[in-house]
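Okay, so here's the structure we're looking at.
The values are calculated or read from the model by the stated rules, or taken from the named source; none is laboratory data. Given the structure is predicted, the values throughout are model-derived calculations rather than measurements. For neighbour counting, all protein chains shown are included, and Cβ atoms are generated from backbone atoms with ideal geometry for every residue, glycine included.
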Amino acid sequence: MAQEKSEALISLANDQGITLWRAQGTIMKGTALVRQGESLEEGVAQIRQGLSILWAAGFRIAHSVYLAFLAEACGRMAQAEEGLTVVAEALALVRRTGECHYEPELYRLQGELTLQSQGPGLQATVEAEAEHCFHQALAVARTQHAKSWELRAATSLARLWHRQGKKDPARQLLGDIYAWFTEGFDTHDLREAKALLEELH
């Protein structure tokens with residue numbers, strides 16, 4: 001549905017000559033392609049194209065959000081190092097502009113990409129670095145009272161702890177935030193958290 005709507009947006013923006021909406025539609029179409037797990041390379045190309053159009057036009061609002069979409073896409077393509085570079089660019093933009101509503105997710109992505117970049121013999125170091133990123137994501141999400149970001153960060157950290165055999169703290173962390181929610185249990189994030197909680201019991 002997101003792909004369909006973004007294609008309609010691109011068409012309308014082309015008809016009306018509105019560069020901003022054409023670029024945003026292109027980014028959203030690329031993100032939809034990536035998240036469907038099909039045409040990953042095409043999806044990444046679309047995201048990059050949209051970002052280039054926005055940057056050339058001098059448009060900076062929500063740029064850190066779109067960079068997060070690109071970093072996520074890099075992760076799905078097993079391009080962790082490139083994804084980490086994109087996250088670093090996005091976090092630098094957050095610090096420069098104060099546009100921080102996506103900051104917790106950027107730290108969480110940094111942690112996930114760090115884990116993905118793990119080389120031989122570096123497991124403990126890499127996992128410690130990723131854990132630090134997840135804690136940063138949690139701290140910022142809590143400061144912002146952003147429960148959805150807190151849930152995502154808690155899920156990532158609980159998954160790491162589960163892998164390390166720390167089931168009790170993982171269950172406590174994730175259970176506490178999961179219990180806060182009273183609706184939306186059919187959404188991806190809450191389904192994923194519930195599945196992990198069931199593994200931890």
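Annotations
- For the range 151-201, the set of residues classified as more than 19 Å from TYR107 (Cβ to Cβ), among the polar types (S, T, N, Q) and assigned to a helix (DSSP H, G or I) consists of GLN172 only.
- The lone criterion from (1) part of a loop (DSSP other than H, G, I, E, B); (2) within 16 Å of VAL65 (Cβ to Cβ) left unmet by GLU38 is number (2).
- Residues that are farther than 22 Å from GLN123 by Cβ and in contact with a Lys or Arg (Cβ under 6 Å, 6 or more places away or on another chain) within the range 151-179 comprise just one, ARG152.
- Note on the range 58-97: residues that are more than 18 Å from LEU20 (Cα to Cα), of a type in the set (Gly, Ala, Ser) and not in a helix (DSSP H, G or I) total 1.
- In the set ALA56, ALA92, only one residue is among the small types (Gly, Ala, Ser), within 24 Å of THR114 (Cβ to Cβ) and surrounded by fewer than 23 Cβ atoms within 10 Å (Cβ to Cβ); that residue is ALA92.
- Matching entry among LYS167, LYS147 (being assigned by TED's automatic domain parsing to the domain that holds GLN79 and in contact with a Leu (Cβ under 6 Å, 6 or more places away or on another chain)): LYS167
- For the range 125-178, a residue qualifies if it is free of Cβ contacts under 8 Å to residues at least 12 places away in the same chain and small (Gly, Ala, Ser), and the qualifying residues are ALA128, ALA139, GLY165.
- Selection within the range 47-82 - within 17 Å of the chain's Cα centre (by Cα) and within 15 Å of LYS29 (Cα to Cα): ILE47, ARG48, LEU51, VAL65, TYR66, LEU67, ALA68, PHE69, LEU70, GLU72, ALA73
- Filter result for LEU113 (in contact with a Gly (Cβ under 6 Å, 6 or more places away or on another chain) and assigned by TED's automatic domain parsing to the domain that holds LEU84): yes
- From the options ALA139, ALA128, residue that is more than 25 Å from HIS101 (Cβ to Cβ), small (Gly, Ala, Ser) and in a helix (DSSP H, G or I): ALA128
- Yes/no for ALA32 being of a type in the set (Gly, Ala, Ser), surrounded by 15 or more Cβ atoms within 10 Å (Cβ to Cβ) and either assigned to a loop (DSSP other than H, G, I, E, B) or modelled with pLDDT of 95 or more (or both): yes
- Of the residues making up the range 98-117, none is surrounded by fewer than 23 Cβ atoms within 10 Å (Cβ to Cβ), assigned to a helix (DSSP H, G or I) and over 15 Å from the mean Cα position of the chain (by Cα).
- Any hit, the range 3-23, residues being outside any helix (DSSP H, G or I) and within 27 Å of LYS147 (Cβ to Cβ): no
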